[in-house]
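Notes follow once the structure below has been shown.
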Amino acid sequence: VPMGLEDPTERITVTVAGDALGDASGAMAGLYQITSNYREINIACDNLIRIDFFAAGRLLNWLTQRQAQGCQVRLLGVNHLVAAFFHVIGIQEHAVVERRPA
């Protein structure tokens, strides 16, 4: 067990990059496993190029579950197009979405 995972009040920052397409099961499963015991999760999206509808749906389902467990998730450095997409599908209802500076 990595250090810090035994205390569910800890905060973690993880980075996502590239394209999240299709079920994105590899990247998403890793994200879910790494962050499963944290109450505050920052996800750095500065290098996330694009995300398709299916992958965003999986992300939305995960965010909904984490919110129900009392976890706060922040998506940081999201590019403007992805932020607009997240808004359309309702991700901002379950996580804080912070866009990249213009």
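Please report the antiparallel percentage of the DSSP beta bridges confined to the chain, to the nearest 5.
Looking only at bridges with both residues in the chain, the antiparallel portion is about 0 percent.
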Q.
Under 10 Å, Cα contacts only: if you run a Gaussian network model on the chain, which one of 82, 14, 73 comes out with the highest mean-square fluctuation?
A. 14
Q.
Tell me the carbon and sulfur percent of the accessible area for the chain, rounded to whole percent, probe radius 1.4 Å.
A. 56
Q) Could you give the dipole magnitude of the chain about its Cα centre, charging the beta-carbon of Lys and Arg +1 and that of Asp and Glu -1, in debye to the nearest 20? A) 180
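Which number do you get for Rg(Cα) / (2.2 N^0.38 Å) in the chain?
Against the compact-globule rule of thumb, the ratio is 1.01.
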Q.
With angles folded into 0 to 90 degrees, how steeply does helix 80-89 sit against the dominant principal axis of the chain? Use alpha carbons for both and round to 10.
A. 80
**Q.** Potential lengthening between residue 67 and residue 10 on full extension [0.36 nm per residue; Cα-Cα distance subtracted]
**A.** 19.0 nm
Q. Against the longest principal axis of the chain, how steep is helix 53-68, in degrees 0 to 90 to the nearest 10, with axes from Cα atoms?
A. 40
Q. So what is the accessible area of the chain per residue, in Å², with the probe set to 1.4 Å?
A. 59
(Q) Using amide H atoms built in the peptide plane, which far-off residues or other-chain residues are under 5 Å from residue 13 H to H? (A) 42
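The values are calculated or read from the model by the stated rules, or taken from the named source; none is laboratory data. Computed from a predicted model, the values in this text were never measured in an experiment. When we count neighbours, we look across all protein chains shown, and the Cβ atoms used for this are built from the backbone with ideal geometry, even at glycine. These accessible areas exclude ligands, DNA and RNA; they are computed on the full protein's heavy atoms, side chains included. Shrake-Rupley method; radii C 1.70, N 1.55, O 1.52, S 1.80 Å.
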